[in-house]
Amino acid sequence: MREKLEAIRRAAENAAKEAIDEKQIEELRVKYLGKKGELTALLKQMGSLTPEERPKMGQLVNEAKGQVEKLVSERKVKLKEKAVELKLKAETVDITMPEKPVNCGGLHPLSIVTNDLIDIFQSMGFDVLDGPEVETDHYNFECLNVPEDHPARDMQDTFYLADKILLRTQTSAAQIRTMETRKPPIRIICPGRVFRADEVDATHSPVFHQLEGLVVDKGVTMCDLMGVLEQFAHEIYGEDVNVRFRPSFFPFTEPSVEVDVSCTECGGKGCRICKGEGWIEILGAGMVHPNVLRSCGIDPDVYTGFAFGIGIDRITTTRYKISDIRLLFENDKRFLEQF
């Protein structure tokens, strides 16, 4: 039995050295240490020994089991270390190799201009808000002093989804929601998409982008409005651009103005871009109509305010001298790569 025990130990040692993966190590463990393993079988044969021989033989078998267990454990550690080493070697990166070219996208020109507008007005203390694109007639028209029979509704061909439910024609609806839930002082802008049933051509689209601005507080005047918009125009077009205000009409502001800037292409001399006039219209604005304040629960005898609506698409086309608004929506890679 002693000779058999030594033979088992040597065989286990050789098998451990030759094992190349954890599967073979596990098979070795089962072969010698399992319930039906060779060392277990030797323990079962100890009943044939004399009482004097049993303790000595039991000690030798246990020592052999300990040696085999150690062999199994050490081989497992070495195999794991070798696997890690091979993995690291396989994943080695040659930092001297030239990098692979990566084509990175860029911001869309509309996004560039929108971000610039937000930065400009945030620097003046405006908060940025958002509103739903699917609006109710109440917020899109009625609270903006445009009742159902008002002729101003004919100025905006509206997409109706259901009775009194529509795609917003202006982001001014977000101003109403703000004034209903926030007490003055209010100083906000709301950029976003708007929708009108316009024919598609070089200057019109059924989907376009606006940025509405609103200020409501005590003592707000037309001079405040003009100062904010002049600062905005100079930030966008440069300090040399001229700004003019023309009387106009909007049902939600009184008085109302259209704002023009001198043509950046010809410097105000007249060209095809400005249609020979030397001026380009960029936005509409005015003092918030008392009826609008009153509909939102704000006392027009205590508070006044101004509002403005900027066509982001118009700002983009004039800023980058884009002749056709449709280029902003066609996703032509040749066009977008210029930005």
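Values for this structure:
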{"quantity": "Residues of region 196-228 classified as touching a Lys or Arg at 6+ places or on another chain (Cβ under 7 Å) and under 19 Å from Leu129 (Cα atoms), total", "calculated": "2"}
{"quantity": "Residue under evaluation Met179, criteria (1) free of Cβ contacts under 8 Å to residues at least 24 places away in the same chain; (2) closer than 19 Å to Ile298 by Cα; (3) of a type in the set (A, V, I, L, M), criterion not met", "calculated": "(1)"}
{"quantity": "Qualifying residue in region 259-268 (condition: buried (at least 18 other Cβ atoms within 10 Å of the Cβ), acidic (Asp, Glu) and free of Cβ contacts under 8 Å to residues at least 60 places away in the same chain)", "calculated": "yes"}
{"quantity": "Residue match in region 140-152 (condition: loosely packed, with under 15 Cβ neighbours inside 10 Å and farther than 24 Å from Phe249 by Cβ)", "calculated": "no"}
{"quantity": "Answer residue from region 299-310, given it is crowded, with 16+ Cβ neighbours inside 10 Å and out of contact with any helix residue (DSSP H, G or I) (no Cβ under 6 Å at 6 or more places or on another chain) and is farthest from Val215 (Cα to Cα) among those", "calculated": "Ile310"}
{"quantity": "Test: residue in region 311-333 that is more than 34 Å from the chain's Cα centre (by Cα), surrounded by fewer than 19 Cβ atoms within 10 Å (Cβ to Cβ) and among the hydrophobic types (A, V, I, L, M, F, W, C)", "calculated": "no"}
{"quantity": "Residue among Gly131, Gly106 that alone is in contact (Cβ under 8 Å) with a residue 12 or more places away in the chain and surrounded by fewer than 14 Cβ atoms within 10 Å (Cβ to Cβ)", "calculated": "Gly106"}
{"quantity": "Qualifying positions in region 139-166 - in contact with a helix residue (DSSP H, G or I) (Cβ under 9 Å, 6 or more places away or on another chain) and over 22 Å from Ser256 (Cβ atoms)", "calculated": "Tyr160, Asp163, Lys164, Ile165, Leu166"}
{"quantity": "Failed condition for Asn242, given (1) in contact (Cβ under 8 Å) with a residue 40 or more places away in the chain; (2) surrounded by fewer than 17 Cβ atoms within 10 Å (Cβ to Cβ); (3) closer than 20 Å to Phe121 by Cα; (4) not β-branched (Val, Ile, Thr)", "calculated": "(1)"}
{"quantity": "Contacts under 6 angstrom Cβ, first residue in region 8-24 being in a helix (DSSP H, G or I), partner charged (D, E, K, R) and buried (at least 19 other Cβ atoms within 10 Å of the Cβ), 6 or more apart", "calculated": "Ala16/Arg75"}
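Every number in this text was worked out from the coordinates using simple rules, so none of it is lab data. A quick note: this is a predicted structure, and the numbers were derived from the prediction, not measured. Every residue, glycine as well, gets a Cβ built from its backbone with ideal geometry; the counts of neighbours run over all protein chains shown.
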